[in-house]
Amino acid sequence: MSAPASNAGYDEWLDALAAGEGFALACPDGHGSLPPRRVCPECGSTALSEEPLAETGTVETYSVVHVAGPRFADDTPYVNAVADFGPVRLTGVLRGAEPDVDAVAVGDRVAVGVEERATDGEPLVVFRPADGEQAVSRPADGE
Amino acid sequence: MTDVRVAGVGLTHFGSHPERTGRDLFATAALRAFDDAGVPREDVEELNYGNFMGALAEHQGHQAPLMAEAAGVDCPSTRYEEACASAGVAVREAVRTVRSGEADVVVAGGMERMTNLPTDEVTEGLAIAADDLFEVRAGVTFPGAYALMANAYFDAYGGERRDLAHIAAKNHANAVPNEYAQYRREVSVEEALDAPPVAEPLHLYDACPITDGASALVIVSEEYATEHDVDAPVAVTGTGQGTDRMALGDREHLARTPAADDAADAAYADAGVGPDDVDVAEVHDCFTIAEVLALESLDLFEPGEGIGAARNGVTTADGALPVNLSGGLKAKGHPVGATGGSQIAELTRLLRGDHPNSDRVPDAEVGVAHNAGGTVASAVVHVLEVAQ
Ligand SMILES: [Zn+2]
C-alpha cells in the first residue's frame with residue numbers, strides 16, 4: 001500500500017506523539033483541541049499554544065471491534081477507546097489487554113504512543129495499560 | 001409566512017437491489033411521489049436531492065442534474081450531503097424555500113446505492129462520515145462509533161444489551177406489514193442477544209442493514225394546494241437543525257447528542273408544540289442505541305430514561321408513544337442519503353391514515369421526525385401535523 005498523503009499539522013502531531021512528546025493545542029481559556037487548527041473551536045481565540053498531554057489518560061469509553069474496513073481487516077478483533085488526556089480526549093486502539101468487553105473498563109489508566117496497524121503497517125495511535133495497572137481478568141460487574 | 005404541505009410521497013422498496021442504478025431508483029420514487037400528489041411535473045420549481053456516497057458507490061459526482069433528468073423535471077437542482085442526514089437537510093431547505101415564497105412546488109428526497117459494493121468497502125465508505133485524521137485512522141468504524149456511545153451511555157446511566165435487543169425486536173415487528181421494508185420478519189429479543197458481535201456492545205441485530213433505495217416528497221405551499229385542489233392534509237409546521245463537533249471525543253458528553261437537542265428545540269419552537277404534544281415519532285435508529293439518544297434529545301424521555309422505553313412497552317406499536325412504526329432504519333433499511341425523506345414519507349402516511357400501521361395511531365395529529373448524520377455531528381428534526 002502506498003504511503004498516505006501528507007497532512008501538515010497532523011503528521012507533525014503524530015511524529016511528536018511517537019517521540020513521546022505528544023501535545024494538544026490550548027487557548028488562553030484552557031480549551032483543548034488537535035492540529036491543524038487556527039481557531040479555538042470553543043471560544044474562537046486564535047492564541048493557540050502547544051501543551052503537553054498528561055502522562056497517562058483515563059478510558060472514558062471503549063468498544064471491541066469485530067468487523068472493520070479493508071485498512072483494519074487484519075487488526076480485528078481490536079479494542080477501540082476514547083481516553084481523556086487532560087486538555088483533550090484521544091481516540092485510538094487499546095493494545096495489551098484482551099479484546100474482550102470484560103478485560104477493559106471505563107476508568108482504566110492508559111499511556112499513549114504510535115504503533116503500526118497490523119493490516120498495512122501504517123501508523124496507529126495506540127493506548128497501552130499504564131505501568132503498574134492491571135487491565136486484564138476483571139470480573140464482569142452486574143448481570 | 002406560507003404554510004407548507006406534503007402533497008405527495010414516493011418510496012422505492014428498501015432492500016438489496018445491486019443491479020439498479022441510482023438514477024433508476026430516484027426516478028421510481030419521484031414518479032410515485034408525483035402520482036401520489038397529483039401535481040404535474042411541469043410545476044416543480046426546484047429539486048433538493050440528498051446523497052452521501054455516490055462518488056464511491058457509482059463513481060458518480062454531480063448527481064443533482066442527473067436526478068432532475070431522471071425524474072423528468074426541468075428546474076434548478078442541488079445535491080445536499082450531510083452523511084445520513086442528507087435527505088433531512090434537503091427537505092428542510094425545501095420547507096424554507098416554500099415558506100420564503102421563492103417557490104410553490106419543490107421536490108425533496110434522496111437516494112443511496114450501497115449493495116453493489118463489497119461489505120468491507122461499504123464499511124469503509126460509511127466510516128468517512130467520521131473525522132478521517134483522528135477517528136477513522138484510529139480504528140473507528142460506523143458501528144464502532146455507536147458502540148463507543150453505547151458503552152458511554154451504560155457507564156453514565158446504566159442499561160444493558162437486553163434493553164437494546166427490545167428496540168431491535170420492536171422495530172422488526174413494526175416492519176412486518178410495511179411493503180417498503182427490507183426485513184419484514186420478526187426478530188426475538190433472544191435472537192438479537194445471540195447474534196454475532198459487530199462492535200461490542202453492539203451485535204448484528206443492533207445495526208441497520210446495508211440498503212439500496214430512494215425517497216421523494218412533493219412539498220407545496222398551502223396556497224398552491226388550495227388553488228390546484230391538491231389533497232395535502234399533512235403540514236410541515238416545524239423544522240430545526242443542529243451541528244456539533246465532528247469527532248465524538250471532542251463532544252461535551254459521549255452519551256448525549258446536543259446537535260439533536262438543538263434541532264429539536266428549534267423545531268418544536270417553530271411549530272409551537274412541545275414534546276408532550278407528540279403522538280408518534282420516526283427517529284434515526286441506525287443502531288439501537290441511536291434510538292435511545294434520539295428519544296432523549298427530542299425530550300420525549302429524560303436522559304437515562306430512554307434506554308428502557310421499548311422494554312417497558314412505551315414505544316412499542318401498542319404503547320403510549322409508538323416509535324418507528326415504519327420499522328425504522330433498523331428493519332425498514334437505511335439507504336443513507338434517502339433516509340431523511342423516507343422518515344417524512346412514512347410519518348405522512350401514518351398521519352394521513354394510509355400506512356399499514358396507521359391503525360396503531362388512529363388519532364395521531366402531531367408527529368416528529370429525527371434524522372442524524374455521522375455520530376450526530378449533524379441533526380435535523382421536523383414536526384408534522386394534520387392540518388385542520
Ligand atoms: Zn478557547
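Return yes or no: is B:PHE52 within 17 Å of B:TYR80 (Cα to Cα) and in a loop (DSSP other than H, G, I, E, B)?
yes
For segment A:37-89, which positions are out of contact with any strand residue (DSSP E or B) (no Cβ under 9 Å at 6 or more places or on another chain) and either in the same structural domain as A:VAL125 (by TED's automatic domain parsing) or touching a residue at least 24 places away in the same chain (Cβ under 8 Å) (or both)?
Answer for segment A:37-89, where residues must be out of contact with any strand residue (DSSP E or B) (no Cβ under 9 Å at 6 or more places or on another chain) and either in the same structural domain as A:VAL125 (by TED's automatic domain parsing) or touching a residue at least 24 places away in the same chain (Cβ under 8 Å) (or both): A:GLY69, A:PRO70, A:ARG71, A:ALA73, A:ASP74.
Out of (1) part of a helix (DSSP H, G or I); (2) away from chain A (no Cβ under 14 Å); (3) not small (Gly, Ala, Ser), the odd one out for B:CYS75 is which?
B:CYS75 satisfies every listed condition except (1).
Somewhere in segment B:5-17, is a residue crowded, with 20+ Cβ neighbours inside 10 Å, farther than 25 Å from B:VAL383 by Cβ and among the aromatic types (Phe, Trp, Tyr)?
No, there is no match, as no residue in segment B:5-17 is crowded, with 20+ Cβ neighbours inside 10 Å, farther than 25 Å from B:VAL383 by Cβ and among the aromatic types (Phe, Trp, Tyr).
In segment A:104-117, how many are away from chain B (no Cβ under 11 Å) and either touching a helix residue (DSSP H, G or I) at 6+ places or on another chain (Cβ under 8 Å) or not basic (Lys, Arg) (or both)?
The number of residues fulfilling the criteria is 6.
Within segment A:22-31, how many residues turn out to be away from chain B (no Cβ under 13 Å) and either within 7 Å of the ligand (Cβ to nearest atom) or closer than 16 Å to B:ARG245 by Cα (or both)?
2
Name the residues in segment B:107-128 that are crowded, with 22+ Cβ neighbours inside 10 Å and in contact with an Asp or Glu (Cβ under 9 Å, 6 or more places away or on another chain), would you?
B:VAL107, B:ALA108, B:MET111, B:GLU112, B:ARG113, B:MET114, B:ALA127
Yes or no: B:GLY125 modelled with pLDDT under 95, at the interface with another protein chain (Cβ under 9 Å from one of its Cβ atoms) and in a helix (DSSP H, G or I)?
So B:GLY125 fits the description; yes.
Is segment B:220-232 home to any residue that is touching a Leu at 6+ places or on another chain (Cβ under 6 Å), at pLDDT 95 or above and either over 27 Å from B:GLY313 (Cα atoms) or crowded, with 21+ Cβ neighbours inside 10 Å (or both)?
No - not one qualifying residue is present in segment B:220-232.
If you take just the helices (runs of 4 or more DSSP H) that sit entirely in segment B:205-298, which of them hold at least 1 residues that are of a type in the set (Phe, Trp, Tyr)?
B:222-227, B:258-271
Starting from residues that are more than 7 Å from every other protein chain (Cβ to nearest Cβ) and of a type in the set (Ser, Thr, Tyr), keep the ones in segment A:32-88 and report whichever is farthest from the ligand (Cβ to nearest atom).
Looking at the filtered set, the residue picked out is A:THR76.
I want to confirm something. Restricting to segment B:137-159 and keeping residues that are surrounded by fewer than 22 Cβ atoms within 10 Å (Cβ to Cβ) and more than 7 Å from chain A (Cβ to nearest Cβ), which single residue is farthest from B:HIS253 (Cα to Cα)?
By that ranking, first place goes to B:GLY159.
Which of the following residues is within 21 Å of B:HIS334 (Cβ to Cβ), modelled with pLDDT of 95 or more, within 14 Å of chain A (Cβ to nearest Cβ) and out of contact with any Ser or Thr (no Cβ under 8 Å at 6 or more places or on another chain): B:ILE289, B:ILE210?
Selected residue: B:ILE289, the only one of B:ILE289, B:ILE210 that is within 21 Å of B:HIS334 (Cβ to Cβ), modelled with pLDDT of 95 or more, within 14 Å of chain A (Cβ to nearest Cβ) and out of contact with any Ser or Thr (no Cβ under 8 Å at 6 or more places or on another chain).
With the condition kept exactly as written, say whether any residue in segment B:50-65 is modelled with pLDDT of 95 or more, crowded, with 24+ Cβ neighbours inside 10 Å, over 30 Å from A:PRO70 (Cα atoms) and of a type outside the set (Lys, Arg).
no
Sort through B:LEU321, B:LEU347, B:LEU295 and tell me the only one that's within 29 Å of B:MET53 (Cβ to Cβ) and either free of Cβ contacts under 8 Å to residues at least 60 places away in the same chain or in contact with a His (Cβ under 7 Å, 6 or more places away or on another chain) (or both).
Checking each option against the conditions leaves just B:LEU295.
For segment B:239-257, enumerate the residues that are surrounded by fewer than 18 Cβ atoms within 10 Å (Cβ to Cβ) and over 17 Å from B:ALA83 (Cβ atoms).
B:GLU252, B:HIS253 - these are the residues of segment B:239-257 that are surrounded by fewer than 18 Cβ atoms within 10 Å (Cβ to Cβ) and over 17 Å from B:ALA83 (Cβ atoms).
Scan segment A:1-54 for residues that are small (Gly, Ala, Ser) and more than 15 Å from the chain's Cα centre (by Cα) and jot them down.
If the condition is that a residue be small (Gly, Ala, Ser) and more than 15 Å from the chain's Cα centre (by Cα), then A:SER2, A:ALA3, A:ALA5, A:SER6, A:ALA8, A:GLY9, A:ALA26, A:GLY30, A:GLY44, A:SER45, A:ALA47, A:SER49 are the ones that fit.
Kindly indicate whether B:LEU164 is buried (at least 22 other Cβ atoms within 10 Å of the Cβ), away from every other protein chain (no Cβ under 13 Å) and over 18 Å from the mean Cα position of the chain (by Cα).
Here the answer is yes, as B:LEU164 does meet what is asked.
The values are calculated or read from the model by the stated rules, or taken from the named source; none is laboratory data. On a predicted model such as this, the values are computed, not experimentally measured, just so you know. Ideal geometry is used to build each Cβ from the backbone, glycine not excepted, and the neighbour counts take in all protein chains shown.
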